[in-house]
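Chemist: So that we are looking at the same thing, I have put the structure below in structure tokens.
The values are calculated or read from the model by the stated rules, or taken from the named source; none is laboratory data. Predicted model, so just to flag it, every value in this text is computed and none were measured. Positions of Cβ are generated from backbone atoms using ideal geometry, with glycine treated the same way; all protein chains shown enter the neighbour counts. Each accessible area value is taken on the protein alone, full model and side chains, heavy atoms only, with ligands, DNA and RNA left out. Shrake-Rupley method; radii C 1.70, N 1.55, O 1.52, S 1.80 Å.
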Amino acid sequence: MIINGVSIDATFAEAFPMKATRAIITAHNEKWAMISAQAMTGFATSVIACGCEAGIDRVLDPSETPDGRPGVAVMIFAMGGKGLAKQLETRAGQCVLTSPTSALFAGIDGGIRIPLGKNLRYFGDGFQIAKVIDGKRYWRIPVMDGEFLTEATTGQVDAIGGGNFLVLAESQEQALTACEAAIEEMRKIPNVIMPFPGGVVRSGSKVGSKYASLGASTNDAFCPTLKGATKTELSPEIESVMEIVIDGLSQEDINKAMRVGIQAVCDLGAANGIKRISAGNYGGKLGPFHFHLQEIMA
Amino acid sequence: MSALTFTLKQHPDQRVDMSPLVCQKLATLSVADIAALTLQNGKRSPRVDALFTITGTDTQNIVIKNSSDKLDFIGKELDGGCITVEGDAGAYLGIGMQAGDLKVTGNVGLYAACEMKKGYLEISGNVGDFLGGALPGNKMGMKGGTVLVKGNAGERVGDHLRRGTILIEGDAGDYCGSRMTAGTIAVMGKTGRYLGYAMRRGTLLLWQQPTLSASFNDCGTHTLGFLPILFASYKKFNSKFADAGLAFNRAQRYAGDMSEMGKGEVLVKR
């Protein structure tokens, strides 16, 4: 398959099951909601070492938030429910509770309930106040700028992590430009996050390593400087490869995000140095969800 | 199916215990069976059809017409369905109610919503003392649900209130929120003396400045983030509480009762 001169590999991205949750952060204005959201989703690029993968789902209009203030929806993904709950609580406590004017609400009504502000309430040292409104429990925790309002729980749902595609370009600059265009479009799709810095990862990994202590290591088959030193996947004109990793609530969400992202890259086309689109395919070692590139773009 | 309607034939001299006539108890009965039920009326036990004219068949939608303030225990432990009372109701309206809707177009007596657990109770007229309270000797009053009073309420509103919401469009009498453990009581009109007497936790939400005991301390004026969410939850009611123009998020906060736990609050619109 070739789109605008860009070859779409007959391969698939391999993804794995995760647990996910969403929270809504509101604040006095969008600036402070975003600051809090960025803090909460910081250092959360990969479960390999961060404990979770997190990102900003989307900016919310005041009419969409529970308290009618500007807000930002964030999503957190982890390998298991226990880890997810721990990450959520730690991040909510250190990054949202501490952020001026913030309030924190559940972003998923269904699913298994996991603590959001349920345990943060103890920061109130006995002065915290519970309010049950329309069947939802909120905690009002007195803080120095007024009150921190948080919903007690949010929903945990099954999700998918590790959807991805690789952009193979003639230069680093062209690969980056293409990925930026893809991310801009992909951020418009709800229920997905691209957890790496700016949504793009330049150090894609393969499963395993020659070093026994490492579970993952550089994806040497796609490293352009190793073209002559390893069993490469790259043709001579490829000088740079960048990857976009997608976590989403469902296969359909990831499909949509991959489709608009790959389309944005292909719109730049071969004329802008984009040669191929491939995907992280680890021979079935990584996970049960397979996103076939050509099927997605058909 | 039309609503199962009980039209009172004549106003009784003695009080009538209406507790058998709730949706869940009538669900499996035919109209003939319902007519044959007996109701305690003073020291007598007349059949239902001796007191009421019965029409309709829908046991999940009960209407009591030409009602009287002598009809006690209407909707006792109601567990789903709807009861509409056209006229007044006596004491213990909706006592121990667990689910469903109960609406009264007239005035209501003592102990309405007493120890109510869940559901929605609407009173278009006035209501007597101990609305949402606990029975004498009991430690927990209303534990959940919502009560809306469009008129005035008597004394001891929400005595021992444990959870749930009481909304009063009119005035509330003395000792409003006395001994409450948690929950919310909102009063748009005036409140009487000894507001929040011995309250432990919970919120008294007021539109008019009350006369407060010395055991309530001023915490200043604040913009409180939970108030817009609280008022948004009232939008579904056919009430002044649904009027966005009357909602507020800035309030004077008084903490009390300091002679008790002191974790309660009186919030007054600013």
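Chemist: Across region A:2-52, which residue is surrounded by the fewest Cβ atoms within 10 Å (Cβ to Cβ) among those that are among the hydroxyl-bearing types (Ser, Thr, Tyr) and more than 17 Å from residue A:74 (Cβ to Cβ)?
Modeler: Among those residues, the one meeting the criterion is A:7.
Chemist: Looking at B:151, B:145, which one is small (Gly, Ala, Ser) and surrounded by fewer than 20 Cβ atoms within 10 Å (Cβ to Cβ)?
Modeler: Among B:151, B:145, only B:151 is small (Gly, Ala, Ser) and surrounded by fewer than 20 Cβ atoms within 10 Å (Cβ to Cβ).
Chemist: I need a count of the residues in region A:75-116 that are modelled with pLDDT under 95 and touching a helix residue (DSSP H, G or I) at 6+ places or on another chain (Cβ under 8 Å).
Modeler: Of the residues in region A:75-116, 0 are modelled with pLDDT under 95 and touching a helix residue (DSSP H, G or I) at 6+ places or on another chain (Cβ under 8 Å).
Chemist: Looking only at region A:145-154, decide whether some residue is more than 29 Å from the chain's Cα centre (by Cα), within 11 Å of chain B (Cβ to nearest Cβ) and among the β-branched types (Val, Ile, Thr).
Modeler: Within region A:145-154, not a single residue is more than 29 Å from the chain's Cα centre (by Cα), within 11 Å of chain B (Cβ to nearest Cβ) and among the β-branched types (Val, Ile, Thr).
Chemist: If you go through region A:66-114 one residue at a time, how many are in a loop (DSSP other than H, G, I, E, B) and either hydrophobic (A, V, I, L, M, F, W, C) or within 14 Å of another protein chain (Cβ to nearest Cβ) (or both)?
Modeler: The qualifying residues number 12.
Chemist: Using the structure shown, decide if residue A:130 is surrounded by fewer than 18 Cβ atoms within 10 Å (Cβ to Cβ), at the interface with another protein chain (Cβ under 9 Å from one of its Cβ atoms) and touching a helix residue (DSSP H, G or I) at 6+ places or on another chain (Cβ under 9 Å).
Modeler: Yes: the conditions hold for residue A:130.
Chemist: Answer yes or no as to whether residue A:207 is in contact (Cβ under 8 Å) with a residue 40 or more places away in the chain, within 20 Å of residue A:13 (Cα to Cα) and surrounded by fewer than 15 Cβ atoms within 10 Å (Cβ to Cβ).
Modeler: Yes: the conditions hold for residue A:207.
Chemist: How many residues does region A:137-153 hold that are β-branched (Val, Ile, Thr) and either modelled with pLDDT under 95 or farther than 14 Å from residue A:98 by Cβ (or both)?
Modeler: Matching residues across region A:137-153 total 1.
Chemist: Can you tell me which residues in region A:115-127 are within 11 Å of another protein chain (Cβ to nearest Cβ) and of a type in the set (Gly, Ala, Ser)?
Modeler: A:124, A:126
Chemist: Give B:21, B:29 a once-over and let me know the one that is open to solvent by less than 20 Å² (accessible area, probe 1.4 Å) and either touching a residue at least 60 places away in the same chain (Cβ under 8 Å) or closer than 16 Å to residue B:3 by Cβ (or both).
Modeler: Selected residue: B:21, the only one of B:21, B:29 that is open to solvent by less than 20 Å² (accessible area, probe 1.4 Å) and either touching a residue at least 60 places away in the same chain (Cβ under 8 Å) or closer than 16 Å to residue B:3 by Cβ (or both).
Chemist: Okay, moving on. Give the residues of region A:53-65 that are more than 14 Å from chain B (Cβ to nearest Cβ), open to solvent by 30 Å² or more (accessible area, probe 1.4 Å) and either in contact with a Gly (Cβ under 7 Å, 6 or more places away or on another chain) or in contact (Cβ under 8 Å) with a residue 12 or more places away in the chain (or both), sorted by residue number.
Modeler: Within region A:53-65, A:56, A:58, A:59 qualify.
Chemist: Can you find even one residue in region B:179-199 that is within 14 Å of chain A (Cβ to nearest Cβ), touching a helix residue (DSSP H, G or I) at 6+ places or on another chain (Cβ under 7 Å) and over 18 Å from residue A:140 (Cβ atoms)?
Modeler: no
Chemist: Across region B:67-84, what is the total count of residues that are more than 15 Å from residue B:131 (Cβ to Cβ), within 15 Å of the chain's Cα centre (by Cα) and surrounded by 24 or more Cβ atoms within 10 Å (Cβ to Cβ)?
Modeler: So the answer is 3.
Chemist: Also, quick follow-up: Name the single residue that is surrounded by the fewest Cβ atoms within 10 Å (Cβ to Cβ) among those in region B:250-265 being modelled with pLDDT of 95 or more and within 13 Å of another protein chain (Cβ to nearest Cβ).
Modeler: Ranking the candidates gives B:250 first.
Chemist: Could you check region B:214-232 and list, in sequence order, the residues that are more than 14 Å from residue B:248 (Cβ to Cβ) and either surrounded by 20 or more Cβ atoms within 10 Å (Cβ to Cβ) or modelled with pLDDT under 95 (or both)?
Modeler: B:216
Chemist: Which pairs do you get when a residue that is more than 18 Å from residue A:183 (Cα to Cα), found in region A:267-288, comes within reach of a residue that is open to solvent by less than 10 Å² (accessible area, probe 1.4 Å) and acidic (Asp, Glu), reach meaning Cβ atoms under 9 angstrom, with the pair 6+ apart or on two chains?
Modeler: A:281/A:14; A:282/A:14; A:283/A:14; A:284/A:14; A:285/A:14; A:286/A:14; A:287/A:14; A:288/A:14
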